[in-house]
1. Looking at 433, 423, which is the one that is farther than 12 Å from residue 369 by Cβ and either in contact with a strand residue (DSSP E or B) (Cβ under 7 Å, 6 or more places away or on another chain) or touching a residue at least 60 places away in the same chain (Cβ under 8 Å) (or both)?
2. Can we say residue 409 is in a loop (DSSP other than H, G, I, E, B) and outside the structural domain of residue 590 (by TED's automatic domain parsing)?
3. Condition first: over 28 Å from the mean Cα position of the chain (by Cα) and part of a loop (DSSP other than H, G, I, E, B). Can you find one or more residues in the stretch 518-529 that meet it?
4. Do the conditions hold for residue 531, that is, is it surrounded by 14 or more Cβ atoms within 10 Å (Cβ to Cβ) and within 27 Å of residue 396 (Cα to Cα)?
5. Out of 216, 230, 211, I need the residue that is surrounded by 21 or more Cβ atoms within 10 Å (Cβ to Cβ) and not assigned by TED's automatic domain parsing to the domain that holds residue 125. Which one?
6. If I ask for residues that are in contact (Cβ under 8 Å) with a residue 60 or more places away in the chain and in a strand (DSSP E or B), which ones from the stretch 584-594 would you list?
7. crowded, with 18+ Cβ neighbours inside 10 Å, modelled with pLDDT of 90 or more, outside the structural domain of residue 59 (by TED's automatic domain parsing) and over 30 Å from residue 552 (Cα atoms): does that describe residue 300?
C-alpha cells in the first residue's frame with residue numbers, strides 16, 4: 001500500500017506551512033484524490049501550527065464524509081477514533097479532551113459560533129470541498145472572517161476545493177495566499193447512451209446494472225455507480241447481485257442513512273473486484289481506492305426552496321456538467337479509466353454548467369435565526385460571499401417574526417427562537433415540534449415533517465377506478481390533506497410498498513418509500529431534544545393546532561360556500577384546490593401555495609390544506 005507521503009498534496013507542504021504561519025489565510029486548489037482532506041490537517045499538527053493544545057476543525061458538507069475521513073486519519077496516525085482525531089455530526093459524536101483534529105459538518109460549527117463567538121480552543125478552521133457552495137459553508141466562512149478580524153487575529157483559515165472560482169474567493173479573503181496542486185490523474189474515456197432512456201419506463205437501476213455488465217470486461221479495477229438516494233441504491237444493488245455476468249463482484253451500498261459498519265464495509269479493501277453504489281458523497285468528499293470505471297445515473301437529491309410550501313425540500317434533479325466531470329474523474333485516480341453516462345451526448349449539452357450556490361436557491365430563515373442567535377442584528381450588511389436577494393432576507397425575517405422567533409423593531413431573537421434553533425429542521429417544523437410537545441402529538445408532527453420533504457407521492461387527476469379505491473380507504477377524511485397522506489403512507493408501508501397495491505391507489509412507490517427513513521430521523525431528533533415520542537392516541541385537534549402555528553402566515557377564509565374562493569392575509573385571494581379533502585371548512589391553513597399564470601392572469605391555488613376552528 002503506498003504511503004500517504006506519496007500523495008500530490010505534499011508538493012505544496014513547505015509553501016502551505018509558510019502561508020499559514022504568515023498571512024493565516026489560504027486557498028488550496030487541488031483535485032479530488034490529491035490527499036488534501038486527510039493530509040492538510042495532519043500537516044497543521046505536525047508543524048506545530050495549532051499551538052500546544054489548540055484544535056483544527058475540518059468542515060465537511062456531508063456527515064458520512066466527516067465520519068469516514070476522521071476514521072481514515074485516525075488509522076494513519078495510529079490512534080483510536082475519538083482520541084487525537086474525532087468527528088462531530090448531527091446525532092453522533094466521537095471526540096474527547098485529547099482531540100486535536102475534529103471533522104465536523106458545517107451546521108455544527110455555526111451553532112458553536114452562536115454559543116461561543118471567541119471559538120476558544122480552536123486554532124485553525126479548514127473548509128473542505130468549498131466548491132459545493134453549501135449555504136452553511138458560506139455563512140460559517142463569513143463568521144470566521146469576522147471573528148478573525150475582530151477578537152481572534154491568531155485564528156488560521158484554510159479554504160480547500162477541487163474546482164473553484166478562486167478569483168471571487170481571493171478578493172473576499174484578501175489578503176490571502178492561493179496554492180494550486182495539479183494532482184496526478186489518468187485519462188478517462190467518456191461513453192454516452194446511443195439514444196435517450198425514460199427512467200419511468202426503464203428504471204435507472206436496471207439501466208445501471210446493464211452498464212456495469214458492459215464495463216466489467218473493459219477494465220480490471222472496481223466499479224463505482226452513482227444514484228440519487230437510498231431506494232435507488234438498494235434496487236441497483238439487487239439488480240447487480242441478480243446479474244449472472246457480475247457474479248465475480250461483491251457489491252456494496254454507500255449513503256448517509258446506513259449504519260457506520262455498513263459504510264465502512266463499502267470503502268474497505270477486498271481481494272475480489274467490487275461495485276460500490278453511492279450517492280454523490282463519493283463525487284468529491286471521499287476517494288475510494290481501486291476504482292477504474294464509473295457508471296453515472298446523472299441524478300442527485302438537490303436541496304431547494306419550494307415557494308409553494310414555504311420550506312426547503314429535497315428534489316431529485318439532473319446534475320450539472322461540473323458535477324458529471326467530478327464523477328468521471330473518480331475512474332482515473334490509479335490507472336486509465338472509463339465512465340458510462342446514462343444519458344445521450346445531445347442531452348449532456350443541455351445540462352447546466354454548474355450548480356447554483358445554495359444561498360441563491362434555499363430559504364434563509366434557518367440561517368437568519370442562527371445569525372440572530374450570534375448577535376448579528378443587521379442581516380443585510382452581513383459580509384456575505386454572495387449577497388442573497390433582499391426579498392429572500394425580508395421573507396425569512398418576517399416568517400420568523402410570525403413564528404414568534406424574532407420580536408421588536410430590530411427583530412431580535414426570542415427565547416422561543418433559541419429553543420427552535422436546537423432542531424436541525426426548517427423553523428416552521430421546529431415551531432410545530434415545540435407545539436407538539438405541549439399538545440402531546442410529537443409522533444404525528446414527525447411524520448408530517450417527513451411527508452413534506454419531497455414531491456407528493458399521491459398522483460393527481462386519477463381515473464375513476466383509482467378515485468373509488470381511495471374513497472373506500474380514505475372516504476371520511478375532511479379535516480386535513482396531511483391526514484390523507486398519513487393514511488396513504490401507512491397503507492403503502494403495511495403493503496410493503498408492493499407495486500400493485502400502490503398503483504391501485506395512485507401512489508408513487510419511489511416517493512412513498514422515502515418517507516419512512518425520514519420519519520425515523522425526525523423521531524431521533526425529537527428524542528435527542530427530550531421530546532416525548534411515545535405512541536399516543538391520535539388527536540386531530542392537537543395536530544391541527546400545530547399546523548396552524550407552523551403555517552400561520554398561510555391562514556385563509558372561505559369567501560362563500562358555493563365556490564372555492566378564499567381570502568388570505570396581505571389582501572391576497574386564492575382558490576382551494578379541487579382535490580383537497582377540506583372542502584367544507586370556513587377557515588383553513590394551506591401548507592402549499594402555488595401561483596399559476598394563465599393568459600396573463602395569475603391565480604393562487606391553495607393545497608395541502610388543514611381545517612382550523614375559529615376558537
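1. On the way: 423 fails: farther than 12 Å from residue 369 by Cβ.
Just one listed residue meets the conditions, 433.
2. For residue 409, the condition - in a loop (DSSP other than H, G, I, E, B) and outside the structural domain of residue 590 (by TED's automatic domain parsing) - is met.
3. No; the residues of the stretch 518-529 include none that is over 28 Å from the mean Cα position of the chain (by Cα) and part of a loop (DSSP other than H, G, I, E, B).
4. Details: surrounded by 14 or more Cβ atoms within 10 Å (Cβ to Cβ): yes; within 27 Å of residue 396 (Cα to Cα): yes.
So residue 531 passes the test.
5. 211
6. Matches in the stretch 584-594: 591, 592, 593, 594.
7. Values: crowded, with 18+ Cβ neighbours inside 10 Å: yes; modelled with pLDDT of 90 or more: yes; outside the structural domain of residue 59 (by TED's automatic domain parsing): yes; over 30 Å from residue 552 (Cα atoms): yes.
When the stated conditions are applied, residue 300 passes them.
Okay, residues lined up against (1) out of contact with any strand residue (DSSP E or B) (no Cβ under 9 Å at 6 or more places or on another chain); (2) modelled with pLDDT of 85 or more; (3) part of a loop (DSSP other than H, G, I, E, B); (4) not assigned by TED's automatic domain parsing to the domain that holds residue 447:
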site	(1), (2), (3), (4)
532	yes, yes, yes, no
545	yes, yes, no, yes
557	no, yes, no, yes
560	yes, no, yes, yes
563	no, no, yes, yes
570	yes, no, yes, yes
575	no, yes, no, yes
579	no, no, yes, yes
582	no, yes, yes, yes
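The values are calculated or read from the model by the stated rules, or taken from the named source; none is laboratory data. Nothing here was measured: the structure is a model prediction, and the numbers come from that model. Neighbour counts run over all protein chains shown; Cβ positions are idealised from the backbone, glycine included.
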